[in-house]
Amino acid sequence: MLNIHLTEKEFYGQLEINYKGLYTDSGNVTGIIKGDTLRGTYRYRHYGIETWHTIPIALLKKGHRLIMGEGETEIYMNMRYFRKNAPINYQNPKFVFELSQ
């Protein structure tokens, strides 16, 4: 479930991913919007675990849908980022979100 607020240049909100009832990741997403692409970070916790994790997130807006992409990551100063010059793959996405109007 994704609940985000979009402005002209930024987005923020909450994302909860339920893995078939086994466990849930939930937290906040924030980032910037460039054209049809939303790129930012997802700061989340696994259900029942106190440790926070932060990973990059990329969403492609197609019509009334947001498609979550996957890409190669690297760690710099203990933060995970998408690797520069490596494409983000939006084919065969694990998650697709419908935008409500």
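Of all residues in segment 1-30, those being at pLDDT 95 or above and among the aromatic types (Phe, Trp, Tyr) number 2. Going by the structure shown, is Asn28 over 10 Å from the mean Cα position of the chain (by Cα) and surrounded by 12 or more Cβ atoms within 10 Å (Cβ to Cβ)? So Asn28 does not fit the description; no. Here Glu50 fits the description: acidic (Asp, Glu), more than 22 Å from Thr7 (Cα to Cα) and open to solvent by 50 Å² or more (accessible area, probe 1.4 Å). No other residue among Arg45, Arg39 is open to solvent by 30 Å² or more (accessible area, probe 1.4 Å), in a strand (DSSP E or B), charged (D, E, K, R) and touching a Pro at 6+ places or on another chain (Cβ under 9 Å) apart from Arg39.
Candidates Ile55, Ile33: the one that is in a strand (DSSP E or B), over 16 Å from Phe95 (Cα atoms) and at pLDDT 90 or above is Ile33.
The values are calculated or read from the model by the stated rules, or taken from the named source; none is laboratory data. Just so we're clear, the structure is a prediction, and the values are computed from it rather than from any experiment. Neighbour counts run over all protein chains shown; Cβ positions are idealised from the backbone, glycine included. To get the accessible areas, we keep the full protein, side chains included, count just its heavy atoms, and leave off ligands, DNA and RNA. Shrake-Rupley method; radii C 1.70, N 1.55, O 1.52, S 1.80 Å.
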